[in-house]
Amino acid sequence: MFEQEYLPQAFARDILEANDRTYEQQLAACKMIASIDRPVSTVLGLLVLGKRLLDWIPGAYVQFLRIDGETLSDTILDELRIDGPLSQSIRRLDEKLQAHNRVSVDLTSSRPILS
């Protein structure tokens, strides 16, 4: 995930091609581990690359909640707890939010009506 997803999004291709650092040096330079001499995951490393994030950072998740009303005591229509690496969590949250966006069309005027 670090090499396939994070690095290509964080750095230009020519910089990555010119990079002669070891894998551990790259992790340390990106602050994913404390240092080469102390290869312990940082909080950033866990958030970006961690597979079992909640084992290390309790509460590191996003909770989606759609309520039928305006108070937390109203009926819950949909809920989802999203955890895992940050990029995957953002994707899942984005998909969930897009699925809940509603647009209706007034066929007589062809204007969208947000609902």
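Tabulated data
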read-out: Pair list, Cβ < 6 Å and 6+ apart or interchain, from segment 65-77 residues that are under 19 Å from Gln98 (Cβ atoms) and of a type in the set (A, V, I, L, M, F, W, C) to residues that are modelled with pLDDT of 90 or more and loosely packed, with under 10 Cβ neighbours inside 10 Å; value: Leu77/Asp68
read-out: Conditions (1) in the same structural domain as Glu3 (by TED's automatic domain parsing); (2) exposed (fewer than 10 other Cβ atoms within 10 Å of the Cβ); (3) assigned to a loop (DSSP other than H, G, I, E, B); number of the one not met by Glu17; value: (3)
read-out: Per-region count, segment 22-33, residues without any contact (Cβ under 8 Å) to a residue 24 or more places away in the chain and within 22 Å of the chain's Cα centre (by Cα); value: 4
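The values are calculated or read from the model by the stated rules, or taken from the named source; none is laboratory data. From a predicted model like this one, the values you see are computed outputs, not experimental measurements. Neighbour counts are summed over all protein chains in view; Cβ atoms, including those assigned to glycine, are modelled from backbone coordinates with ideal geometry.
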